[in-house]
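Values in this text are rule-based calculations from the coordinates and carry no lab data. This structure is a prediction, so every number in the text was calculated from the model and none was measured. Neighbour counts run over all protein chains shown; Cβ positions are idealised from the backbone, glycine included.
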């Protein structure tokens, strides 16, 4: 089996696949992540992986001849399209996408988030047959505004940049005491 891990970051999923595949390629557009993934592969003496700096939404996947395409928290219609074009009949796409409920308390849905119906439409439009569409959801509950802020402290910079932080504070000040983490787990096969 040949695997392609798009949006691989430092290669956590890529290395997992490498233990089960003949060859795996990890793609990521972040040079620092690719550099670290290569360092980790060399350190661990994993010889059946290759890490390539590329934008997963622009790169065509044909040249990698994948039997499986994976993506973890890196999902878009462009990635689904490219995976479908590269996969032969019977081959698989496995991904974990943000669900529309991810951080719903901020009042802003990520452009990368999917609900089950949208994901199913995107897959089917590309000739992929959904075999699993499951939501994994965790809702943290807090007794106070302070606990709610503490739970999101690692997200503050990113949320300030796109306006979510102020919406989340307003949610907490208005009596809200939750923070939702939600992912859509997908397995689809090329028809």
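Only Cα pairs within less than 10 Å get springs; with that Gaussian network setup on the chain, which residue of 58, 29, 137 has the largest fluctuation? Looking only at 58, 29, 137, the largest GNM fluctuation is found for 58. Subtracting the Cα-Cα distance of residue 73 and residue 134 from their residue separation scaled by 0.36 nm leaves 20.5 nm.
Measuring nothing but how far apart in sequence close Cα pairs (under 8 Å, 6+ apart) lie, relative to its length, the stretch 1-78 scores a relative contact order of 41 percent.
Label separation (residue 170 vs residue 52): 4.4 nm, computed from points 7 Å beyond Cα along the C-beta direction. Only helical runs count toward this figure. For the chain, summing -39,500 (n - 2.57) over DSSP H runs of n ≥ 4 and dividing by all residues gives -9500 deg cm²/dmol at 222 nm.
Normalised by the number of residues in the stretch 132-191, the mean separation of alpha-carbon contacts (under 8 Å, six or more apart) gives a relative contact order of 64 percent.
Taking 0.36 nm per residue of separation and subtracting the Cα-Cα distance, full extension of the segment from residue 117 to residue 1 would add 38.7 nm.
When only Cα pairs below 8 angstrom with a gap of at least 6 residues are kept, the chain shows a relative contact order of 22 percent.
For a Förster distance of 41 Å, can you work out the FRET efficiency between the beta-carbons of residue 100 and residue 65, rounded to the nearest 0.05? Here the calculated transfer efficiency is 0.75. Considering only 56, 41, 151, the Gaussian network model of the chain with Cα springs below 10 Å gives its largest mean-square fluctuation to 151.
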